[in-house]
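A short write-up of the structure that comes next.
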Amino acid sequence: QPENLQKNWLREFYQVVHAHKPHFMALHCQEFGGKNYEASMSHVDKFVKELLSSDAMKDYNRARVYLDENYKSQEHFTALGSFYFLHESLKNIYQFDFKAKKYKKVTGKEIYSDTLESTPMLEKEKFPQDYFPECKWSRKGFIRTRWCITDCAFDLVNIHLFHDASNLIAWETSPSVYSGIRHKALGYVLDRIIDQRFEKVSYFVFGDFNFRLDAKAVVETLCAKATMQTVRAADTNEVVKLIFRESDNDRKVMLQLEKKLFDYFNQDVFRDNNGTALLEFDRELSVFKDRLYELDISFPPSYPYSEDSSQGKQYMNTRCPAWCDRILMSHSAKELILKSENDEKIVIYDHIGPNVCMGDHKPVFLSFRIAAGAGKPIANVHKCCVVQ
């Protein structure tokens, strides 16, 4: 129901914009156009027009929109959409031209869609096919832009990493084979954005990382007192289903696991106290602790929510709920975020639309202030915004 869903989505999004009144706003979307690109791209164009012309966004007088809509180019298509909005009160904002290797002042509103490969204002890459061979045609990749505000330069990277193709395979090992694939792809992106071609700056990487809970550990914990029944296909003897039953209590079914089924009898465990008890199984980021920082998570798993528009809080029983959608940053970016001198909560990391259907993912946002002059090391005043 794209019409209905878009209305809800934008209403919830505008509420957050209104509450936090950001001066610079970055919105990173993944899977633009959904699974049926040809039929759905018209909805994308409507969404973009609405965003750029809405009353809620009228004080943002400059914008840059980068939409990878070219689904006919299998070699390059990532289905990523990156939106950047600048409030009228912000003066002298610059964006980096990767080709000319210099910053250019941002004026007006510009939309790029069919010409992403040729615009010098971003870097875009799709992961090589051999990263995830079981998927015939993956759209996973990243888009990077670089910005400069008040002499403070930073990269913003829109990222989409590989999903779990089968719950049964994810359950086999700890960490799972899919976790290893995501680890490789994220490492590739981080190496790419700090390589020798450009000056190193702080960076924020945000999007759908597809990070999952350690499936083996979660199932063993949730079903610690259960007995497991294995169901195999008659012709191939391949495992097609696992059924976990309570040892007593009339052998009640606690969990059923199939390739695309994760049916646990008590969804409250993922919602109570924002699912905090399960954060110990969220382990994929630990490999990158020397390179990436994340604020404490205080919202429930962001995926997979029901797509029934009347079920805003209900999870789909296709996957184990997990914190797929994240906002991560380099350790130098962490230093840019203004530390509050009083008790006022200036840094907020949360999700959007807790009670409303927003699609199968809940968007996640980070609101913060950059300290004035934060990008100027005392010994070496940073001249990032000297435009030739």
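The values are calculated or read from the model by the stated rules, or taken from the named source; none is laboratory data. Only a predicted model underlies this, so the values are computations on that prediction, with no experimental measurement involved. Methodologically, a virtual Cβ is constructed for each residue, glycine included, from the backbone with ideal geometry; neighbour enumeration extends over all protein chains shown. The accessibility values were calculated without ligands, DNA or RNA, using every heavy atom of the protein model including side chains. Shrake-Rupley method; radii C 1.70, N 1.55, O 1.52, S 1.80 Å.
In terms of modelled amide H atoms, which long-range or inter-chain residues lie less than 5 Å from the amide H of E110?
A63, R64, V65
Specify the angular offset, from 0 to 90 degrees and rounded to the nearest 10, of the alpha carbon long axis of helix 2-20 from the longest principal axis of the alpha carbons in the chain.
60
How large is the helix-only mean residue ellipticity at 222 nm for the chain, computed as the sum of -39500 (n - 2.57) over DSSP H runs with n ≥ 4, divided by its residue count, in deg cm²/dmol to the nearest 500?
Mean residue ellipticity at 222 nm (helix-derived): -6000 deg cm²/dmol.
Leaving out ligands, DNA and RNA, and with a 1.4 Å probe, what % of the accessible surface on the chain is carbon or sulfur?
That fraction is 50 percent.
Please turn the phi angles of the stretch 352-360 into ³J(HN,Hα) values with the Karplus equation 6.51 cos²θ - 1.76 cosθ + 1.60 (θ = phi - 60°), one per residue in order, whole Hz, x for glycine and proline.
Per residue, the Karplus-derived 3J(HN,Hα) values read 10, x, x, 10, 10, 5, 10, x, 7 Hz.
Taking amide hydrogens as modeled 1.01 Å from N in the peptide plane, which residues meet the under 5 Å criterion relative to S202, leaving out close sequence neighbours?
D155
Would you please classify the overall shape of the stretch 16-127 from the alpha carbon gyration tensor, given that a ≥ b ≥ c denote the square roots of the eigenvalues, rounded means a/c under 1.5, and beyond that prolate means a/b larger than b/c while oblate covers the rest?
In terms of gyration-tensor shape, oblate.
Give me the percent relative contact order of the chain, please, defined on Cα pairs under 8 angstrom at least 6 residues apart.
Contact order relative to length: 14 percent.
Rounded to whole Hz and in sequence order, give me ³J(HN,Hα) for the stretch 152-161 from the Karplus expression 6.51 cos²θ - 1.76 cosθ + 1.60, θ = phi - 60°, writing x for Gly and Pro.
Taking θ as phi minus 60°, the curve returns 10, 9, 7, 9, 10, 10, 8, 10, 9, 9 Hz for the stretch 152-161.
Using the per-residue mean of other Cβ atoms lying within 10 Å as a proxy for protection, in what order, highest first, do the peptides 161-169, 227-235, 21-29 fall?
The packing order, highest mean first, is 161-169, 21-29, 227-235.
Starting at the first residue of the stretch 25-39, write each ³J(HN,Hα) from the Karplus equation 6.51 cos²θ - 1.76 cosθ + 1.60 with θ = phi - 60°, in whole Hz, x for Gly and Pro.
Couplings: 10, 10, 10, 10, 10, 10, 6, 4, x, x, 7, 9, 4, 4, 6 Hz.
Measuring with a 1.4 Å probe in the full set of protein chains, what accessible area per residue, in whole Å², belongs to the chain?
Computed with neighbouring chains in place, this is 49 Å² per residue.
Amide H of Y315: which non-local residues (sequence gap of 5 or more, or other chain) have their own amide H closer than 5 Å, using H built in the peptide plane?
Sorted by chain and number, the residues that satisfy this are S306.
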